[in-house]
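Student: Structure incoming, see below.
Nothing in this text is a laboratory measurement; each read-out follows from the coordinates by a stated rule. Since the model is a prediction, treat every value here as computed from it, not as a measurement. All Cβ positions, even for glycine, are placed from backbone atoms using ideal geometry, and neighbour counts span all protein chains on display.
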Amino acid sequence: MLKVEDLYKSYGNVNALNGVTFSLGKGETKVIVGPSGAGKSTLLKCINLLIKPDRGRIFLEGEEITNPSTNENKVRQKIGFVFQEFNLFNHLTVLGNVMIGLTKVKRIPKEEALEKAREVLNMVHIREDLWNRYPSQISGGEKQRVAIARALAMEPVLMLYDEPTSALDPQLADEVLQVIKELSRMGMTSLIVTHEMNFALEVADEILFMSDGRIVHTGSPTELLSSPKHDLAVRFLRLGGINGFLD
Ligand SMILES: Nc1ncnc2c1ncn2[C@@H]1O[C@H](COP(=O)(O)OP(=O)(O)OP(=O)(O)O)[C@@H](O)[C@H]1O
Ligand SMILES: [Mg+2]
């Protein structure tokens, strides 16, 4: 589904990405962890074509999307991107936020867009009595689930999440993590940046440890849990801020 090949990106003398290579198969979920400044957000933004890498190639469904002739809007329509900040439109209701991409970008008739919106709002467990509220009238966790629904409505082939719960209280965060996990189990191909290590271990097929613009270690949750004393893993699990995971 996704292949990232030897990706480099620098800002002045900061090497944000320093040769990143990995792939993500259809239906797989991988989680990226690592300290602040490791290049995690830069990597996701390169995949979504928000940032142009200096070197390296990215393939989505076998097609090279880093090729200059790529239709960037078409690629972005295939990728759902959920950020730490909820980035909903404040002047639109919950339904309006979920439908706008369908009616304005995909030019789908309103009735059909409404049908799709119902489906995805149900998938993220947003109750019907919230559908006509504005973002200021719902909780942070609900906003983030609406943001996920809005991405899902476009029927992406890949979902990218960049610290989707770091702005939320633990209980609200759990509701969001639960939804992300359900989507992953349903076969949604997902790449998730998070500091929630217990969640990472539950949801990931593989965990990628990033530091200084590189993937320095990878492992399945089973491997990591069976050898928690692995030096590098321990170091990064600590940096990832897993509360009591290794105690
Ligand atoms: N627009 C920019 N201009 C200059 N430097 C940047 C820019 N964006 C990121 N950087 C630098 O690139 C490096 C990687 O940043 P990035 O945001 O990818 O890290 P991150 O792993 O997502 O960190 P965090 O966990 O804090 O979100 C950092 O040193 C950062 O300061
Ligand atoms: Mg980041």
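Student: Given an 8 Å cut-off on Cα distances and at least 6 residues of separation, report the relative contact order of the stretch 1-49 as a percent.
Tutor: For the stretch 1-49, the relative contact order is 31 percent.
Student: What list do you get for S136, S69 if you sort them by fewest beta carbons within 10 Å?
Tutor: Neighbour counts put them in this order, fewest first: S69, S136.
Student: Is the C-alpha gyration tensor of the chain telling us rounded, prolate or oblate? Criteria: a/c under 1.5 is rounded; beyond that, a/b larger than b/c is prolate, otherwise oblate.
Tutor: oblate
Student: While we're on this one: Pick out, in residue order, every one of the trypsin sites (Lys or Arg not before Pro) in the stretch 184-229 that is DSSP loop and has at most 12 other C-beta atoms within 10 Å; say none if there are none.
Tutor: Qualifying residues, ordered by number: K229.
Student: Taking a ≥ b ≥ c as the square roots of the eigenvalues of the Cα gyration tensor of the stretch 17-125, is the shape rounded (a/c under 1.5), prolate (a/b larger than b/c) or oblate?
Tutor: Cα axes put the stretch 17-125 in the prolate bin.
Student: Another question about this same structure. Let me have the 222 nm mean residue ellipticity of the chain computed from DSSP H runs of 4+ only, each contributing -39500 (n - 2.57), with the sum over all residues rounded to the nearest 500.
Tutor: -10500 deg cm²/dmol
Student: Return the lysines within reach of K30: Cα separation strictly under 25 angstrom, same-chain partners fewer than 8 residues apart disregarded; answer none if there are no such residues.
Tutor: List returned: K3, K9, K40, K45, K52, K74, K78, K143, K181, K229.
Student: Still on this structure, please answer the following. Of the beta bridges DSSP finds with both residues in the chain, what % are antiparallel, to the nearest 5?
Tutor: Expressed as a percentage, antiparallel bridges in the chain total about 55.
Student: Follow-up question, since we're still on this one. Taking the 0 to 90 degree range and rounding to the nearest ten, how far is the long axis of helix 170-185 tilted relative to the main principal axis of the chain, both from C-alpha atoms?
Tutor: 90
Student: Let me ask something else. Any chance you could give the angle, 0 to 90 degrees and rounded to 10, that helix 140-153 forms with the longest Cα principal axis of the chain?
Tutor: Relative to the chain, helix 140-153 is tipped by roughly 80 degrees.
Student: Here is a follow-up. Compute the distance from the alpha-carbon center of the stretch 201-222 to that of the stretch 16-42, in whole Å.
Tutor: Distance between centres, Cα-based: 8 Å.
Student: Here's a follow-up. With the cut-off at 1.5 for a/c, could you classify the stretch 115-183 from its C-alpha gyration tensor as rounded, prolate or oblate?
Tutor: Taking the square roots of the gyration eigenvalues as a ≥ b ≥ c, the stretch 115-183 is oblate.
Student: Order these by the 10 Å Cβ neighbour count, fewest first: S190, S36.
Tutor: With the sparsest Cβ surroundings first, the list reads S36, S190.
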